[in-house]
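**Q** So that we are looking at the same thing, I have put the structure below in structure tokens.
Each value in this text was obtained by applying a stated rule to the coordinates, not by laboratory testing. From a predicted model like this one, the values you see are computed outputs, not experimental measurements. Note that each Cβ is placed from the backbone with ideal geometry, even for glycine, and that neighbours are counted across all protein chains shown.
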Amino acid sequence: EAGVAQSPRYKIIEKRQSVAFWCNPISGHATLYWYQQILGQGPKLLIQFQNNGVVDDSQLPKDRFSAERLKGVDSTLKIQPAKLEDSAVYLCASSKLGTGELFFGEGSRLTVL
Amino acid sequence: GNSVTQMEGPVTLSEEAFLTINCTYTATGYPSLFWYVQYPGEGLQLLLKATKADDKGSNKGFEATYRKETTSFHLEKGSVQVSDSAVYFCALSEGGYSTLTFGKGTMLLVSP
């Protein structure tokens, strides 16, 4: 079974530029999550989708971050404009409905200069 | 709101030593509890879980028991190996949508 795929693995940009991350979840997983992991901290939930509807985006900085999950499969997370404090690893995860077991991708490491 | 507190790392052990990583939680109801592990260069993966009080989760020689009275879920292993070197995250999930709240993580370094 293929795992959660993310790209790009690494991205370096300057502040005020934009960046987009892509995630393809495990086939059949209805729930998709984007987490932000800053160095030395645990992952923090940014947004959670159930199929293509948003379940929780309470911690998403909506003035600069946006995410979509078209057709309930792939998802894209965008940051525009980026700030220095956005430097982090962005983790995508998926799960079957109601199981509580998340499967994570390898993450996309963002460095903002 | 929900929160998870883990012991600070790094935890440095010699091979075959006994491991304990402490984890306590705060939740409004009756959460499910998890330990995730992140090996160098890899994504997080589920190590073990427990869904109700007094349950014991176990996998790969690791164990953790859900203690409601002390709101704890400490991770233990009787004899660690070099290959266990990783960052370990305690997490909880509450509610129908299974949103995970993570602790800060504890790095484990095992030397031969």
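**Q** Applying the selection to the stretch A:51-66, what residues are surrounded by fewer than 16 Cβ atoms within 10 Å (Cβ to Cβ) and more than 16 Å from A:L97 (Cβ to Cβ)? Outline the logic, then answer.
**A** Going through the stretch A:51-66, the residues surrounded by fewer than 16 Cβ atoms within 10 Å (Cβ to Cβ) turn out to be A:51-54, A:58-59, A:61-64.
Residues satisfying the conditions are A:S58, A:Q59, A:P61, A:K62, A:D63, A:R64.
**Q** Looking only at the stretch A:12-24, decide whether some residue is exposed (fewer than 14 other Cβ atoms within 10 Å of the Cβ) and either under 15 Å from B:G43 (Cα atoms) or basic (K, R) (or both).
**A** Yes, there is a match, as at least one residue in the stretch A:12-24 is exposed (fewer than 14 other Cβ atoms within 10 Å of the Cβ) and either under 15 Å from B:G43 (Cα atoms) or basic (K, R) (or both).
**Q** As an exercise: evaluate A:Q36 against (1) outside any loop (DSSP other than H, G, I, E, B); (2) more than 10 Å from chain B (Cβ to nearest Cβ); (3) over 24 Å from A:K15 (Cβ atoms) and give the number of the one condition it does not meet.
**A** (3)
**Q** Does the stretch B:68-86 hold any residues that are part of a loop (DSSP other than H, G, I, E, B), closer than 17 Å to B:F34 by Cα and in contact with a Leu (Cβ under 9 Å, 6 or more places away or on another chain), and which are they? Talk me through it step by step, then tell me what you get.
**A** Start the filter on the stretch B:68-86 by keeping residues that are part of a loop (DSSP other than H, G, I, E, B), which leaves B:68-71, B:73-74, B:78-81, B:85.
Cutting the leftovers down to closer than 17 Å to B:F34 by Cα gives us B:68, B:70-71, B:73-74.
If the condition is that a residue be part of a loop (DSSP other than H, G, I, E, B), closer than 17 Å to B:F34 by Cα and in contact with a Leu (Cβ under 9 Å, 6 or more places away or on another chain), then B:F73 is the only one that fits.
**Q** Name the pairs: first residue in the stretch A:93-113 and more than 7 Å from chain B (Cβ to nearest Cβ) and buried (at least 20 other Cβ atoms within 10 Å of the Cβ), second residue of a type in the set (D, E, K, R) and part of a strand (DSSP E or B), Cβ to Cβ under 8 Å, at least 6 apart or on different chains?
**A** A:S108/A:K11; A:L110/A:K11
**Q** Moving to a separate point now. Tell me yes or no: at least one residue of the stretch B:80-97 is surrounded by fewer than 18 Cβ atoms within 10 Å (Cβ to Cβ), within 10 Å of the chain's Cα centre (by Cα) and away from chain A (no Cβ under 14 Å).
**A** no
**Q** Okay, next question. For B:S58, indicate whether it is away from every other protein chain (no Cβ under 14 Å), without any contact (Cβ under 8 Å) to a residue 12 or more places away in the chain and over 23 Å from A:G40 (Cα atoms).
**A** Details: away from every other protein chain (no Cβ under 14 Å): yes; without any contact (Cβ under 8 Å) to a residue 12 or more places away in the chain: yes; over 23 Å from A:G40 (Cα atoms): yes.
Criteria met by B:S58.
**Q** Please enumerate the residues belonging to the stretch B:87-112 that are touching a Leu at 6+ places or on another chain (Cβ under 7 Å) and part of a loop (DSSP other than H, G, I, E, B).
**A** B:T99
**Q** Please determine, by comparing only the residues of the stretch A:67-91 that are in a helix (DSSP H, G or I) and in contact with a strand residue (DSSP E or B) (Cβ under 9 Å, 6 or more places away or on another chain), which one is nearest to A:F103 (Cα to Cα). Before you say what the answer is, go through the steps one by one.
**A** Keep residues of the stretch A:67-91 that are in a helix (DSSP H, G or I), which gives A:70-72, A:84-86.
Pick out the ones that are also in contact with a strand residue (DSSP E or B) (Cβ under 9 Å, 6 or more places away or on another chain) and you get A:70, A:72, A:84-86.
On the way: A:L70: 20, A:G72: 17, A:L84: 28, A:E85: 26, A:D86: 23 Å.
Step by step, filter the stretch A:67-91, then rank; the result is A:G72.
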